[in-house]
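Participant: Please read through the structure below; I'll follow up with questions.
The values are calculated or read from the model by the stated rules, or taken from the named source; none is laboratory data. Please read all numbers here as calculations on a predicted model, not as lab measurements. Neighbour counts run over all protein chains shown; Cβ positions are idealised from the backbone, glycine included. Calculation scope for accessible area: heavy atoms of the full protein, side chains included, ligands and nucleic acids excluded. Shrake-Rupley method; radii C 1.70, N 1.55, O 1.52, S 1.80 Å.
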Amino acid sequence: MATAPQSFLPLSKISRSVAEWVASIQTLTQPEAVHWCEGSDAEYTSLIGELTATGELQKLNSESFPNCFLARSHPSDVARVEHLTFVCTTQREDAGPNNHWMAPAEAHARMRELFTGCMKGRTLYVIPYCMGPLDSPYSRCGVEITDSAYVAINMALMTRIGRPALERIVRDGDKFVKGLHSVGELDPNRRFIMHFPEELAIESFGSGYGGNALLGKKCHALRIASYQARTEGWLAEHMLIVGLQSPRGETHYIAAAFPSACGKTNLAMLIPPESMPGWKVFTVGDDIAWLHPGPDGRLYAINPEAGYFGVVPGTNPDTNRNAYDMIRRDTLFTNVALTAGNDPWWEGLDSGIPAIDWQGRPYDPKNGPAAHPNSRFTVSAKRNPGYSPEADGPRGVPISAIVFGGRRRGVAPLVYEARDWAHGVLVGASVASETTAAAVGESGVLRRDPMAMKPFCGYNFADYWSHWLETGKKLKAPPRVYHVNWFRRDAQGKFLWPGFGDNLRVLAWMLERCAGRGGMVETAIGQLPRPQDLDLRGLDLPKAALEELLSVDHDLWRKEALDMRTYLDAYGTRIPAALQSELSKLEARLAE
Ligand code: OXD
Ligand code: MN
């Protein structure tokens with residue numbers, strides 16, 4: 001039911017259910033003060049002021065980086081903690097072999113112990129937020145309670161927070177995700193990120209790192225939302241959304257899933273190479289897509305976020321000009337290094353010299369990189385010069401193609417197209433990628449990361465693949481599905497493909513295919529472009545490199561299919577028959 005804006009009402013009076021929940025958490029955590037976040041600019045500035053006064057934020061050079069600040073986290077709290085992240089469903093099988101599981105009662109009891117009295121002497125911030133445009137039927141709301149002002153300012157940049165979100169919660173019939181967070185003592189031994197999808201609730205303790213603490217992002221918009229999406233008939237995915245306008249003037253939108261720190265932000269903000277004049281690129285989102293079957297039988301995407309929490313190292317004018325320009329003002333940096341002139345510095349910048357490392361020590365290469373490999377920027381999407389005007393629209397954008405990809409030295413070619421939606425689900429389910437610094441643990445280890453959702457799917461992957469297959473059946477015009485690998489290397493370990501802006505050459509082929517024009521060759525794994533089907537004008541790529549990039553080695557692929565079968569076996573009888581049959585068809589084609 002629509003209600004008039006209630007700007008005269010104190011926030012605590014707008015939604016009785018939110019107020020009651022806040023009161024119960026106040027009793028549990030015993031804070032010194034309670035601050036309801038309005039979401040105004042003045043409030044943001046005042047929180048920044050408080051954090052600067054306590055030294056939690058450091059103001060950067062205001063001439064070169066106006067209104068930019070640096071936060072340094074605890075050195076043991078720099079990434080997501082997948083081993084401490086749990087999905088707590090009543091039945092263990094509903095969380096699946098892809099998740100760590102704990103019974104809800106046990107998880108609540110453990111968390112209650114940690115949260116009891118944990119905010120003594122601290123301020124409790126109440127952050128009502130909306131994931132997605134405030135007026136979109138596809139958006140969903142939540143309220144995060146936290147004792148971290150750093151979290152509050154990050155949430156202000158990353159989501160739509162404050163009074164309008166609270167008013168939307170009332171319009172939604174007081175349905176919202178309850179997210180409770182405390183940094184606790186930042187003790188890795190007292191750290192848990194718990195999800196209760198059946199209760200639409202999150203409890204996170206002991207970490208201030210974005211992916212563990214900004215609960216609107218991975219916890220809500222992926223883990224809880226993926227579960228909710230299944231019950232409501234849509235998909236919550238770890239995907240960027242990008243709009244491409246061709247020189248013919250046609251605009252198409254692509255959603256692309258890659259594991260963390262594999263270049264989603266760069267692809268979402270791609271700058272066309274000079275040798276491809278007339279192309280324009282618009283960013284709708286860089287990390288998460290909520291996908292809904294639309295009334296016309298196409299799939300529509302919204303970006304639930306309103307800002308970017310991107311990996312800083314490697315960002316420079318050649319890799320991502322828009323991101324480089326975007327983070328020169330109004331940006332929060334976490335765990336980057338500093339120059340002597342108080343500018344932020346990171347590996348991959350070709351100007352400036354690091355003087356202080358990410359831990360605040362004088363820089364010494366013996367201590368490792370100057371900026372942490374998972375150092376981050378947080379910035380409003382409005383700062384992106386390529387921000388799509390459609391990103392704030394309530395209807396979302398129609399998706400022409402879905403792209404899956406991983407970071408793989410070999411096996412997967414530069415690009416291939418799935419034969420149809422069901423084959424596309426197998427292609428997505430088969431994604432494998434080398435791990436990165438975005439999560440605690442060894443980097444560079446190859447692991448299966450279906451749909452790039454391994455750390456983020458809030459329920460059993462077998463049920464998730466069934467849901468993907470069912471969603472396809474509801475679409476009259478499903479997107480075409482692709483797999484890409486920008487990271488293939490030669491025998492010497494050198495990347496074969498230049499990547500970044502030149503990835504547009506591959507996307508342009510996909511759009512030609514969607515328009516029914518692009519050429520291809522059938523292979524056992526799907527359809528690949530022939531060299532002449534890719535626009536390679538102006539690109540100096542050796543013929544042998546192109547041949548290798550577009551090659552499919554049947555022996556390696558037979559091993560790949562076998563590995564996939566072993567992987568699927570872990571999901572037992574819940575695996576949809578249609579997925580098994582797609583794998584059998586692939587095996588049969590490879591045996592020919
Ligand atoms: C992220 C991640 O921060 O995937 O987006 O870890
Ligand atoms: Mn991500």
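Participant: Looking at the structure I just gave you, is Val311 away from ligand 1 (no atom under 16 Å from the Cβ) and either under 25 Å from Glu512 (Cβ atoms) or buried (at least 20 other Cβ atoms within 10 Å of the Cβ) (or both)?
Facilitator: no
Participant: With the requirement that a residue be among the small types (Gly, Ala, Ser), within 19 Å of Ala95 (Cβ to Cβ) and within 16 Å of the chain's Cα centre (by Cα), what does region 421-451 give you?
Facilitator: If the condition is that a residue be among the small types (Gly, Ala, Ser), within 19 Å of Ala95 (Cβ to Cβ) and within 16 Å of the chain's Cα centre (by Cα), then Ala439 is the only one that fits.
Participant: I need the full set of residues from region 107-155 which are open to solvent by 10 Å² or more (accessible area, probe 1.4 Å) and farther than 22 Å from Gln30 by Cβ, in order please.
Facilitator: Hits for region 107-155 are Leu134, Asp135, Pro137, Tyr138, Arg140.
Participant: Counting residues that are free of Cβ contacts under 8 Å to residues at least 40 places away in the same chain and in contact with a Lys or Arg (Cβ under 8 Å, 6 or more places away or on another chain), which strands (runs of 3 or more DSSP E) fully inside region 1-114 reach at least 2?
Facilitator: Passing ranges: none, list empty.
Participant: Let me ask something else about it. Would you point out which residue out of Trp290, Trp279 is more than 16 Å from ligand 1 (Cβ to nearest atom) and within 26 Å of Ser380 (Cβ to Cβ)? Give the steps one after another, and end with the answer.
Facilitator: Numbers: Trp290 fails: more than 16 Å from ligand 1 (Cβ to nearest atom).
The match here is Trp279.
Participant: Given the structure, is Leu556 touching a helix residue (DSSP H, G or I) at 6+ places or on another chain (Cβ under 8 Å) and more than 30 Å from Ile271 (Cβ to Cβ)?
Facilitator: Numbers: touching a helix residue (DSSP H, G or I) at 6+ places or on another chain (Cβ under 8 Å): no; more than 30 Å from Ile271 (Cβ to Cβ): yes.
For Leu556, the condition - touching a helix residue (DSSP H, G or I) at 6+ places or on another chain (Cβ under 8 Å) and more than 30 Å from Ile271 (Cβ to Cβ) - is not met.
Participant: Return the pairs, sorted by first residue and then second, in which the second residue is surrounded by 15 or more Cβ atoms within 10 Å (Cβ to Cβ) and assigned to a helix (DSSP H, G or I), the first residue lies in region 557-583 and is of a type in the set (D, E, K, R), the beta carbons are less than 6 Å apart, and the residues are 6+ apart or on different chains.
Facilitator: So the pair list comes out as Arg558/Leu590; Arg574/Ala462; Glu582/Ala422; Glu582/His423; Glu582/Leu426.
Participant: Moving on to the next point. Please verify whether region 174-188 includes one or more residues that are over 20 Å from Gly210 (Cβ atoms), touching a residue at least 24 places away in the same chain (Cβ under 8 Å) and either within 26 Å of the chain's Cα centre (by Cα) or open to solvent by less than 10 Å² (accessible area, probe 1.4 Å) (or both).
Facilitator: Just the residues of region 174-188 that are over 20 Å from Gly210 (Cβ atoms), to begin with: 174-176.
With touching a residue at least 24 places away in the same chain (Cβ under 8 Å) added as a condition, the list becomes 174-176.
From the residues that got through so far, the ones that are either within 26 Å of the chain's Cα centre (by Cα) or open to solvent by less than 10 Å² (accessible area, probe 1.4 Å) (or both) too are 175-176.
Checking region 174-188: at least one residue is over 20 Å from Gly210 (Cβ atoms), touching a residue at least 24 places away in the same chain (Cβ under 8 Å) and either within 26 Å of the chain's Cα centre (by Cα) or open to solvent by less than 10 Å² (accessible area, probe 1.4 Å) (or both).
Participant: Do you know which of the residues in region 195-207 that are crowded, with 24+ Cβ neighbours inside 10 Å and small (Gly, Ala, Ser) is nearest to ligand 1 (Cβ to nearest atom)?
Facilitator: Here the residue is Ser207.
Participant: In region 156-173, which residues are open to solvent by 10 Å² or more (accessible area, probe 1.4 Å) and in a helix (DSSP H, G or I)?
Facilitator: Scanning region 156-173 gives Ala156, Leu157, Arg163, Pro164, Glu167, Arg168, Val170, Arg171.
Participant: Go through (1) under 29 Å from Ala213 (Cα atoms); (2) without any contact (Cβ under 8 Å) to a residue 12 or more places away in the chain one by one and return the number of the condition Trp358 breaks.
Facilitator: It fails just one condition, (2).
Participant: Let me ask you something else. Do we find a residue being modelled with pLDDT of 95 or more, closer than 25 Å to Arg513 by Cβ and among the aromatic types (Phe, Trp, Tyr) anywhere in region 379-393?
Facilitator: No; the residues of region 379-393 include none that is modelled with pLDDT of 95 or more, closer than 25 Å to Arg513 by Cβ and among the aromatic types (Phe, Trp, Tyr).
Participant: Could you tell me which of the residues Arg530, Arg513, Arg517 is in contact (Cβ under 8 Å) with a residue 40 or more places away in the chain and either within 16 Å of ligand 1 (Cβ to nearest atom) or of a type in the set (Lys, Arg) (or both)?
Facilitator: Within the list Arg530, Arg513, Arg517, the selection yields Arg513.
Participant: Okay, next question. Hey, Asp392 hits all of (1) open to solvent by 30 Å² or more (accessible area, probe 1.4 Å); (2) out of contact with any Pro (no Cβ under 7 Å at 6 or more places or on another chain) but one; which does it fall short on?
Facilitator: That leaves (2) as the condition not met.
Participant: Ok, one more. Look at region 321-338 and say how many of its residues are in a loop (DSSP other than H, G, I, E, B) and more than 15 Å from ligand 1 (Cβ to nearest atom).
Facilitator: 6
Participant: Now, a different point. Considering (1) open to solvent by less than 10 Å² (accessible area, probe 1.4 Å); (2) closer than 28 Å to Arg80 by Cα; (3) more than 16 Å from ligand 1 (Cβ to nearest atom); (4) not small (Gly, Ala, Ser), say which one Phe456 fails and leave the rest.
Facilitator: For Phe456, the failing item is (3).
Participant: Identify, please: which residue in region 403-416 is over 21 Å from Ala289 (Cα atoms) and assigned to a loop (DSSP other than H, G, I, E, B) and is, among those, most open to solvent (accessible area, probe 1.4 Å)?
Facilitator: Step by step, filter region 403-416, then rank; the result is Arg409.
Participant: Need pairs with beta-carbon distance below 6 Å; first residue polar (S, T, N, Q) and within region 444-466, second part of a loop (DSSP other than H, G, I, E, B) and modelled with pLDDT of 95 or more; sequence gap 6+ or separate chains.
Facilitator: Sorted first by the residue in region 444-466, then by its partner, the pairs are Asn460/Gly96; Ser466/Pro576.
Participant: Turning to a different aspect of this structure: Test each condition in (1) in a helix (DSSP H, G or I); (2) over 30 Å from Pro277 (Cα atoms) for Val552 and report the one that comes out false.
Facilitator: (1)
Yes or no, residue by residue, for (1) buried (at least 24 other Cβ atoms within 10 Å of the Cβ); (2) touching a Leu at 6+ places or on another chain (Cβ under 9 Å); (3) not in a loop (DSSP other than H, G, I, E, B):
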{"residue": "Ala340", "(1), (2), (3)": "no, no, no"}
{"residue": "Leu349", "(1), (2), (3)": "no, no, no"}
{"residue": "Gln359", "(1), (2), (3)": "no, no, no"}
{"residue": "Lys366", "(1), (2), (3)": "no, no, yes"}
{"residue": "His372", "(1), (2), (3)": "yes, no, no"}
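Participant: Let me ask something additional. Could you list, in sequence order, the residues of region 533-549 that are surrounded by fewer than 14 Cβ atoms within 10 Å (Cβ to Cβ), without any contact (Cβ under 8 Å) to a residue 24 or more places away in the chain and either touching a strand residue (DSSP E or B) at 6+ places or on another chain (Cβ under 8 Å) or within 28 Å of Pro277 (Cβ to Cβ) (or both)?
Facilitator: Asp540, Pro542, Lys543, Glu547
Participant: Any residue at all in region 433-446 that is within 23 Å of Ala418 (Cβ to Cβ), open to solvent by 40 Å² or more (accessible area, probe 1.4 Å) and in contact with a Ser or Thr (Cβ under 9 Å, 6 or more places away or on another chain)?
Facilitator: Yes; the residues of region 433-446 include at least one that is within 23 Å of Ala418 (Cβ to Cβ), open to solvent by 40 Å² or more (accessible area, probe 1.4 Å) and in contact with a Ser or Thr (Cβ under 9 Å, 6 or more places away or on another chain).
Participant: Out of Asn266, Asn212, which single residue is of a type outside the set (D, E, K, R), within 16 Å of ligand 1 (Cβ to nearest atom) and over 23 Å from Asn98 (Cα atoms)?
Facilitator: Within the list Asn266, Asn212, the selection yields Asn266.
Participant: Tell me which of these Pro478 doesn't satisfy, since it passes every other one: (1) touching a helix residue (DSSP H, G or I) at 6+ places or on another chain (Cβ under 8 Å); (2) open to solvent by 40 Å² or more (accessible area, probe 1.4 Å); (3) modelled with pLDDT under 95; (4) of a type outside the set (S, T, N, Q).
Facilitator: The single condition Pro478 does not satisfy is (3).
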